[in-house]
Amino acid sequence: MTACIVGWAHTPFGKLEDPDIESLFGRVARAAIEDAGIEADEVDAAFVGVFNGGFSDQDFFASLLLQTVPELRFKPTTRYENACATGSAAIHGAIDFLAARRGRFALVVGAEKMTATPNPRIGEILLSASYRKTEGEIPAGFAGVFGRIAEAYFQRHGDQSDALAAIAAKNHRNGVANPYAQMRKDLGFDFCRAESERNPFVARPLKRTDCSLVSDGAAALILTDEETARGMVARGGRAVRFRAAAQATDSMPIAGRDITRFEGARAAWSRALAEARLSLADLSFVETHDCFTIAELIEYEAMGLTPEGQGARAALEGWTAKDGRLPVNPSGGLKSKGHPIGATGVSMHAMTAMQLTGTAGEMQLPRADVAGVFNMGGAAVANYCSILERVG
């Protein structure tokens with residue numbers, strides 16, 4: 001059984017007036033159902049992605065969804081958490097539900113309310129996605145963890161500050177066209193490259209422009225089986241098929257592995273491409289997890305775009321620009337769009353579905369037939385890769 005996305009909804013990301021997760025659910029859950037052209041009581045199960053970790057005093061979010069969609073009463077609803085890959089974990093739960101033929105329509109909702117939390121507390125919450133026994137005292141929290149990764153990469157392959165600035169500039173440039181993005185401003189390479197009062201070092205060698213944004217936001221999907229999806233397309237609907245969906249989990253402590261290689265990401269990409277019977281060259285574009293610019297750089301190598309240690313070439317030679325050989329993050333990525341933890345993986349799939357169905361507006365690429373999505377939790381610990389293609 002192959003799963004398909006047949007409906008989606010997305011809030012803007014940023015500092016939103018919504019007071020809580022319940023409000024964010026309310027903005028996307030029913031909207032995704034309506035976008036799919038089905039009735040709420042046709043949804044057979046719901047899969048909810050919220051990281052929380054202390055952002056909200058309210059927990060038990062799977063049950064909270066019924067406040068928004070009361071038609072889900074007595075139907076199975078489950079909350080998922082897998083660090084920054086929480087949204088993709090919820091999607092995989094829905095895929096498995098459909099594969100088991102336990103129902104025909106599944107609702108996936110991802111959300112996070114982060115900006116109401118004081119900045120020092122945000123750092124503490126995010127650091128819980130690293131191995132506190134050995135990484136809990138790293139300065140600058142999770143940015144410090146990726147600063148260590150960048151330092152190790154620089155020591156092995158040379159200073160890559162130009163490449164990191166090129167990645168940041170590309171994603172901010174792409175984000176200008178994304179109506180959901182938190183920062184719709186083309187900052188330019190020079191601003192991203194230079195240390196300044198407005199762009200200070202956060203965790204050397206990473207500057208502010210190398211770090212994704214603290215965000216509120218939500219996204220939702222409706223999934224169904226391929227036979228149902230094709231029938232919906234025949235009646236004027238839209239559908240995107242999961243040609244592959246792979247997950248690979250690595251050990252959490254960064255000291256116990258070669259952190260410059262993102263081996264879990266390599267495994268997820270390898271499995272997904274093998275399942276899809278495709279090569280990277282067959283993809284029209286990729287949405288990848290640029291929580292920090294060094295992550296996107298190493299992910300170029302993990303997906304097989306460049307050999308190990310040569311990811312900078314893809315950034316500096318324009319391979320990953322919108323008009324390059326493999327556009328990466330045409331949405332602007334986490335860097336421009338924002339990174340509300342539980343919503344991120346769901347958002348990446350929604351953005352990809354928009355591209356593949358030709359409904360991405362100003363973000364639309366001229367060619368969008370088959371795409372890859374890579375969503376990562378922790379420092380390449382939870383790794384999810386999807387290969388998606390348009391149905392019909």
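Roughly how many Å is it from the Cα centre of the stretch 205-245 to that of the stretch 72-95, as a whole number? Centre-to-centre distance over Cα atoms comes out at 14 Å. Peptides 335-341, 44-50 ordered by packing proxy, namely the average of other Cβ atoms within 10 Å per residue, highest first: 335-341, 44-50. The charge dipole of the stretch 1-59, taken about the Cα centre with unit charges on the Cβ atoms of Lys, Arg (+1) and Asp, Glu (-1), comes to about 300 debye, rounded to the nearest 20. State whether the stretch 2-49 is rounded, prolate or oblate according to the following rule on the C-alpha gyration tensor (a ≥ b ≥ c being the square roots of its eigenvalues): a/c under 1.5 gives rounded; otherwise a/b larger than b/c gives prolate, and the remaining case gives oblate. Judged from the Cα gyration tensor, the stretch 2-49 comes out prolate (a/c at least 1.5, a/b above b/c).
Relative to the longest principal axis of the Cα atoms of the chain, the long axis of helix 86-99 lies at roughly 40 degrees. The residues of the chain have, on average, 37 Å² of accessible surface per residue, using a 1.4 Å probe with all protein chains present. In the stretch 53-113, a dipole from Cβ-located charges (positive for Lys and Arg, negative for Asp and Glu) runs towards its positive end, and of VAL109, ALA99, LEU66 it is ALA99 whose Cα lies farthest in that direction.
Compactness check for the chain: Cα Rg over 2.2 N^0.38 Å is 0.91. For the stretch 1-62 and the stretch 302-362, what is the centre-to-centre distance using only Cα atoms, to the nearest Å? Using only Cα atoms, the two centres lie 23 Å from each other. For the stretch 17-51, applying the loop criterion from DSSP together with a ceiling of 15 other beta carbons within 10 Å to the GluC sites (Glu not before Pro) yields GLU17, GLU39.
Put simply, when 76-87, 202-213, 183-194 are sorted by average Cβ atoms within 10 angstrom per residue, most first, you get 76-87, 202-213, 183-194. The long axis of helix 341-356 is offset from the longest Cα principal axis of the chain by roughly 70 degrees. Between PHE262, PHE105, PHE74, find the one with the highest GNM mean-square fluctuation for the chain; connect C-alpha pairs within less than 10 Å. With Cα springs under 10 Å in the chain, the top fluctuation among PHE262, PHE105, PHE74 is at PHE74. Taking Cα centre as origin and charging only the Cβ of basic (Lys, Arg, +1) and acidic (Asp, Glu, -1) residues, the dipole magnitude of the stretch 139-293 rounds to 220 debye. With both residues required to sit in the chain, DSSP beta bridges show an antiparallel share near 70%. Filter the cross-link list LYS75/LYS335; LYS15/LYS322; LYS75/LYS322; LYS75/LYS185; LYS133/LYS185 down to pairs whose alpha-carbon distance in this structure exceeds 31 Å. As for pairs spanning more than 31 Å Cα to Cα, those are LYS75/LYS335; LYS75/LYS322; LYS75/LYS185; LYS133/LYS185. Counting only DSSP H runs of at least 4 residues, each contributing -39500 (n - 2.57), and dividing by the residue count of the chain, the helix-based mean residue ellipticity at 222 nm comes to -11000 deg cm²/dmol.
Would you please classify the overall shape of the stretch 129-276 from the alpha carbon gyration tensor, given that a ≥ b ≥ c denote the square roots of the eigenvalues, rounded means a/c under 1.5, and beyond that prolate means a/b larger than b/c while oblate covers the rest? It is oblate, given that a/c is not under 1.5 and a/b is not larger than b/c. When a 1.4 Å probe is rolled over the protein heavy atoms, the share of accessible surface on the stretch 121-261 that falls to carbon and sulfur comes to 48 percent. Counting only Cβ charges, +1 for Lys and Arg and -1 for Asp and Glu, the dipole size of the chain around its Cα centre is about 380 debye. To the nearest ten degrees, helix 263-276 and the longest principal axis of the Cα atoms of the chain are 40 degrees apart.
The values are calculated or read from the model by the stated rules, or taken from the named source; none is laboratory data. Quantities reported herein were computed from a predicted structural model and do not represent experimental measurements. Because the Cβ atoms are built from the backbone with ideal geometry, glycine has one as well, and the counts that use them run over all protein chains shown. Note: accessible area is taken over every heavy atom of the protein model, side chains too, but ligands, DNA and RNA are not part of it. Shrake-Rupley method; radii C 1.70, N 1.55, O 1.52, S 1.80 Å.
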